[in-house]
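Dropping a structure here in structure tokens format, bear with me for questions.
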Amino acid sequence: MTKAEIVNEIAKSRNVEKIVVQKIIESFMDCVKDSLAKGEPVYLRGFGSFIIKERAEKAARNITKNTTMIIPAHNIPAFKPAKVFVAEVKKK
């Protein structure tokens, strides 16, 4: 499902204009991105958590040039679904 499909679904089910729904969804995504950029996780009870995962420094190989390079430690965003969410998906 794409963002446009989500906007259409919410607008149709809640009888709200698509532009309003789109602005709300984009505002939500901006809030999540801003919080994660600050290092703050976002918890949505019953849905899941948007968290920051820390990746350690590691050595990687370029097999075509037969060289080794170091990939520095870095943070990546991740989503951890809530137990209720996982249980509901498993039922289907």
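Heavy-atom accessible area per residue, the chain, 1.4 Å probe: how many Å²?
Working: 7950 Å² over 92 residues.
The answer is 86 Å² per residue.
Rg and Dmax in Å for segment 50-92, alpha carbons only: what are they?
Cα only, segment 50-92: 17.5, 48 Å (Rg, Dmax).
Given charges of +1 on the Cβ of Lys and Arg and -1 on the Cβ of Asp and Glu, with all other atoms neutral, how large is the dipole of the chain about its Cα centre, in debye to the nearest 20? Let's see the in-between values first.
Details: 18 positive and 10 negative charges, 87 e Å.
For this selection, approximately 420 debye.
Where the Cα atoms of segment 1-45 are projected onto their three principal axes, how long is each span, largest first, in whole Å?
In descending order, the Cα extents are 35, 21, 17 Å.
Based only on Cα atoms, what Rg/Rh ratio does the chain have, Rh being taken as Kirkwood's radius? Can you show the working numbers first?
Numbers: Rg = 19.0 Å, Rh = 16.5 Å.
In the chain, Rg relative to Rh is 1.15.
Would you mind computing, in nm to one decimal, how far apart the modelled labels at Ile70 and Leu44 are, each placed 7 Å from Cα along Cα→Cβ?
3.9
The values are calculated or read from the model by the stated rules, or taken from the named source; none is laboratory data. Given the structure is predicted, the values throughout are model-derived calculations rather than measurements. Don't worry about glycine lacking a Cβ; one is built from the backbone with ideal geometry, like all the others, and counts go over all protein chains shown. We work out accessible area using only protein heavy atoms, side chains counted, and drop any ligands, DNA or RNA first. Shrake-Rupley method; radii C 1.70, N 1.55, O 1.52, S 1.80 Å.
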